[in-house]
Amino acid sequence: MAQLYPFNDPVTVEQTPPLQIAGGDGIHVRDAEGRSYIDAVSALWCTSLGFAPERLTQAMADQMATLAYYHSFMGRTPALTDRLSARLVARMPGMARVFYGTSGSEAVETAAKIVRYYWAAKGQDARQRIIARDGAYHGSGQMSAALTGLDYCHTGFSLPLSAVLRTGRPHYLRDAEPGESEAAFSRRRAQELDALIRREDPGTIAAFIGEPAMGAGGVILPPDGYWDAVQEVLSRHGILLIADEIICGFGRTGQWFGSETFGLRPDLMTVAKQLTASVFPMSAVAMRAEIYEGLKPLAHAVGTFGHGVTYGGHPVGAAVALECLDIYEEMDLPAHIARLGARIEAGLAPLKQTPGVLDVRCRGMLAALECDTAPQAQAIGQEAVARGVFFRIIGPVVAIAPPYICTEDEIDQIMAVLAASVAAVVR
Ligand SMILES: Cc1ncc(COP(=O)(O)O)c(C=O)c1O
């Protein structure tokens with residue numbers, strides 16, 4: 001055993017080594033002993049087109065044979081990467097330019113740098129800090145981990161936490177006062193945000209970052225009126241909005257982007273995961289024309305925009321992403337997700353009445369069953385693995401986010417395993 005495994009307890013994993021995944025096909029993965037599992041959370045909410053997508057393999061092989069690598073530094077760029085950029089900005093609401101990276105974390109790092117650079121270019125250098133929410137997950141870099149609102153991502157790492165202002169998560173179910181309506185809870189969260197900004201001085205705050213719907217924090221869907229109320233506060237104080245679309249982007253919540261599903265009007269958007277269906281490591285930050293035009297004079301004065309990574313805008317990634325966009329368009333993504341999402345909802349609905357189940361929720365193909373307690377969810381997860389299905393367990397939450405290539409029968413199979421696993425635990 002020679003890996004330091006990410007997001008594992010090293011002591012536990014030494015005693016119980018990780019399951020060796022040896023192969024994959026469609027929505028299934030196969031372990032080294034030949035057992036097959038459905039991954040009902042698309043691995044890390046990312047393999048939208050499954051584990052051996054032939055068209056992506058072909059696109060990758062063709063591009064490898066044509067141009068296996070080139071960069072976008074100093075006056076050159078792969079032609080294909082420019083083509084992808086045009087396709088992306090045409091698709092992403094309000095966006096005009098994209099900047100590429102290789103992981104979601106890197107996209108968030110870049111977004112955090114860009115908002116500061118933008119304000120510096122505008123002569124407002126004091127606008128440095130970024131507001132993020134409890135329970136958010138934004139990645140594992142220095143700033144992206146600091147923006148993450150989960151303590152286990154902070155302890156021991158000496159992150160730049162003083163650059164982050166923290167505000168409450170939009171978890172109506174757990175955090176609302178007794179008798180408080182969803183709309184009133186959203187208003188309260190917005191008032192808390194407003195108070196935080198006034199207390200800390202808006203002139204020191206560059207941006208607010210949020211996932212349109214929270215993923216790793218426990219599949220938290222925004223309550224009624226939440227994003228409208230938050231955006232009203234942000235625009236009143238001239239604070240930029242970064243939509244972290246790394247899970248929500250490309251269909252997961254029903255529309256092409258979570259910003260469209262939930263009514264966000266972001267200044268910047270981060271995407272990864274489903275950009276390439278995760279078969280190639282690629283991410284991007286998209287920005288409105290005002291952000292690009294705003295930062296341009298400073299970069300021009302310096303003589304260069306001094307930020308970039310060797311593998312950013314990789315032509316093989318661009319070929320895969322273009323093929324993904326073709327596939328998503330052929331699927332008629334929102335209609336496809338609506339059809340399969342309805343099937344997930346139908347499977348979840350009867351479980352709501354089960355003792356021990358606090359809530360079921362679903363938007364598009366992002367869904368959750370929330371138990372009263374974390375051990376219940378843990379036990380449900382184990383029962384499901386024994387029945388050949390992986391869910392993701394997050395505290396008391398069983399997260400569900402199947403690949404888009406599922407058939408309706410496969411969704412029914414996943415939901416039947418969930419129901420059987422719940423029954424086995426609450427019995
Ligand atoms: C919303 C969000 N932002 C950022 C990231 C970080 O992406 P990566 O793991 O590719 O660095 C993730 C990963 O799950 C995520 O869910």
- Task: Might you check whether a residue that is open to solvent by 70 Å² or more (accessible area, probe 1.4 Å) and of a type outside the set (A, V, I, L, M, F, W, C) occurs anywhere in the range 33-40?
- Result: yes
- Message: Which residue is farthest from the chain's Cα centre (by Cα), if the candidates are limited to the range 108-131 and must be open to solvent by 40 Å² or more (accessible area, probe 1.4 Å) and within 16 Å of the ligand (Cβ to nearest atom)?
- Response: LYS113
- Give the range 201-220 a look and list any residue that's more than 14 Å from the ligand (Cβ to nearest atom) and open to solvent by 10 Å² or more (accessible area, probe 1.4 Å), or say none. ASP201, PRO202, GLY203, THR204
- Note on the structure: The residue that is most open to solvent (accessible area, probe 1.4 Å), considering only those in the range 386-421 that are β-branched (Val, Ile, Thr) and touching a strand residue (DSSP E or B) at 6+ places or on another chain (Cβ under 7 Å), is VAL417
- Among LEU67, LEU44, LEU49, the single one that is modelled with pLDDT of 95 or more, surrounded by fewer than 22 Cβ atoms within 10 Å (Cβ to Cβ) and under 17 Å from the mean Cα position of the chain (by Cα) is LEU44
- Query: Do the conditions hold for SER105, that is, is it within 24 Å of the chain's Cα centre (by Cα) and assigned to a helix (DSSP H, G or I)?
  - Reply: yes
- Scan the range 168-188 and give yes if some residue there is assigned to a loop (DSSP other than H, G, I, E, B), within 19 Å of the chain's Cα centre (by Cα), over 18 Å from ALA399 (Cα atoms) and not assigned by TED's automatic domain parsing to the domain that holds PRO403, otherwise no. yes
- Item | Identity of the residue in the range 221-262, part of a helix (DSSP H, G or I) and either open to solvent by less than 10 Å² (accessible area, probe 1.4 Å) or in the same structural domain as GLU370 (by TED's automatic domain parsing) (or both), that ends up nearest to the ligand (Cβ to nearest atom) | GLY258
- Listed by range, helices (runs of 4 or more DSSP H) wholly within the range 270-349 having at least 3 residues that are assigned by TED's automatic domain parsing to the domain that holds ILE239 and surrounded by 24 or more Cβ atoms within 10 Å (Cβ to Cβ) are 315-331
- Item | Filtered residues of the range 363-381 (kept if within 22 Å of CYS46 (Cβ to Cβ) and open to solvent by 20 Å² or more (accessible area, probe 1.4 Å)) | ARG363
- Task: Please find, within the range 98-107, the residue that is surrounded by the most Cβ atoms within 10 Å (Cβ to Cβ) out of those that are within 12 Å of the ligand (Cβ to nearest atom) and either hydroxyl-bearing (Ser, Thr, Tyr) or not assigned by TED's automatic domain parsing to the domain that holds CYS248 (or both).
- Result: SER105
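The values are calculated or read from the model by the stated rules, or taken from the named source; none is laboratory data. Please read all numbers here as calculations on a predicted model, not as lab measurements. No Cβ is skipped: glycine too gets one built from the backbone with ideal geometry, and neighbour counts run over all protein chains shown. Just so you know, the surface numbers come from the protein's heavy atoms only, side chains and all, with ligands and any DNA or RNA stripped out. Shrake-Rupley method; radii C 1.70, N 1.55, O 1.52, S 1.80 Å.
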